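For reference, the structure is listed below as structure tokens.
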Amino acid sequence: MSAMVARGGIDLGGTKIQAVVVDGRWKVLGQSRRPTPTEGGPEDVAAQMAESLQQAAREAGIATSALAAVGVGSPGEVDGATGVVSQARNLPGWEGAFELGRWLTKSLGAPTSVGNDVQVATDAEAQLGAGRDYGSLIGVFWGTGVGGGVILNGKPWLGRGSAGEIGHMVVKKGGARCTCGRRGCLEAYAGRAAMEIKARGEHDSGRHTSLFKIMKKHDRDRLTSGIWARALKAKDPLAERLIDRAVEALGAGIASAVNLLDVEAVIIGGGLGVRLGEPYARRIREAMTPHLFNDDRPPALHVAALGDLGGAIGAALLSASRDEAAGPKARPARKPRAAATA
Ligand SMILES: [Zn+2]
């Protein structure tokens, strides 16, 4: 495998930074994960991103300056043309604008492009993962929040720049308060952050739950996907009730999106989606049924195949699509086997 076509991908999340180095067939040659800094500012976050990719590159036996290109999937408002990220509010001190692409290009010695985190993860599933066989799909990333990406006729649908906000579909008019400040959004019922606030409130008012005991036992300070999974396994009644509520909301929100777009497939990813896996995907499918207009022909529904690495692999894909825009000679092999899932 020629080192010339190795690429880097970095998924910048609110809790973790995941970096990968992939070859021309998207096989993962090296990977590295570390927590996202909770203090400081954009430069501190960018420095951790650079170190994470350097570590992945060392594992792959290649210098970052030898990478053909690097892609980043970032939260916040992303300007793909300039690599500027602004208002990434779940990252420390990142209310303003920061030239993330330029900073990383200089630090890594490889041209770096930046895209929206959810969109690159959707693209990765569409091209290499569970969505490979479909021309139109919705990616639903069930994690801290509920993100969404839309692919129509094989191409991302970005709208005027912010399409795919499935987490803010209204599933209950005048319902629970959402982190966006509105009421009744899907995310207010299914987002892990919202579920944790609800769980803490119920716990404080005396409701029995093992959720926080499990959290302490595993030395965490928040209810991660793993904590929810463990509590469900232990049949914790509060965890079961809140997850049931989340599944019902996901069913209504996703079915409404399907009624509008009539896509071929729905891909469920994100921390909770991947962790809870197929049994819960099946339950989401059942929860969609009563809301589907075309209920005798539901879309296919799959769990994201690239798992935790999907965002980072999608970021590497982004770096390739930018090359493609620059000239066909840099274009990588299309539709390879999904070696990245191995
Ligand atoms: Zn909302």
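Where a number appears in this text, it was derived from the coordinates with a stated rule and is not lab data. Quick caveat, the model's predicted, so the values are computed rather than measured. Neighbour counts run over all protein chains shown; Cβ positions are idealised from the backbone, glycine included.
Quick check on the chain: what does the Kirkwood estimate of hydrodynamic radius come out to from the alpha carbon pairs, in Å?
Mean inverse Cα-Cα distance, inverted, gives 20.3 Å.
For the pair Arg222/Ser162, report the inter-label distance in nm, with labels modelled 7 Å from Cα in the Cβ direction.
Roughly 2.1 nm, to one decimal.
Whole-Hz Karplus ³J(HN,Hα) for region 210-225, in order, using 6.51 cos²θ - 1.76 cosθ + 1.60 and θ = phi - 60°, x for Gly and Pro?
Per residue, the Karplus-derived 3J(HN,Hα) values read 8, 3, 7, 5, 5, 4, 5, 4, 9, 6, 10, 10, 8, 7, 6, 4 Hz.
Would you order Asp23, Asp295 from fewest to most other beta-carbon atoms within 10 Å of each residue's own beta-carbon?
Arranged by neighbour count, lowest to highest, Asp23, Asp295 become Asp295, Asp23.
Students often forget the sequence filter, so: which lysines lie under 24 Å Cα-Cα from Lys233 once same-chain residues fewer than 8 apart are removed?
Answer for Lys233, where 24 Å is the Cα cut-off: Lys198, Lys213, Lys216, Lys217, listed by chain and number.
When the helices in the chain are scored as -39500 (n - 2.57) per DSSP H run of 4 or longer and the sum is shared across all residues, what 222 nm value do you end up with, to the nearest 500 deg cm²/dmol?
After summing the helix terms and dividing by the residues of the chain, the value is -12500 deg cm²/dmol.
In the chain, if the dipole is taken from +1 on Lys/Arg beta carbons and -1 on Asp/Glu beta carbons about the Cα centre, which of Ala231, Ile243, Ile284 is farthest to the positive end?
Ala231
Can you list residues from other chains, or at least 5 along the same chain, whose modelled amide H is less than 5 Å from the amide H of Val303?
Ile268
Helix 237-261 sits at what angle to the longest principal axis of the chain, using alpha carbons and giving 0 to 90 degrees rounded to 10?
60
Loop-only chymotrypsin sites (Phe, Trp or Tyr not before Pro) in region 34-112, please: DSSP not H, G, I, E or B, and at most 12 other Cβ atoms within 10 Å.
none
Taking the Cα atoms only, what angle lies between the long axis of helix 310-326 and the longest principal axis of the chain, rounded to 10 degrees?
Approximately 40 degrees, to the nearest ten.
If we count other beta carbons within 10 Å of each Cβ, what is the order of Thr289, Thr209, fewest first?
If I rank by nearby Cβ atoms, fewest first, I get Thr289, Thr209.
So what's the angle, to the nearest 10 degrees on a 0 to 90 scale, between helix 270-288 and the longest Cα principal axis of the chain?
Helix 270-288 and the main axis of the chain meet at about 50 degrees.
Check each of the trypsin sites (Lys or Arg not before Pro) in region 213-267 and keep only those in coil by DSSP with at most 15 other C-beta atoms within 10 angstrom; list them in order.
Arg220, Arg222, Lys235
As a footprinting exposure proxy, order Phe212, Phe293 by other Cβ within 10 Å, with the fewest listed first.
The order, fewest Cβ neighbours first, is Phe293, Phe212.
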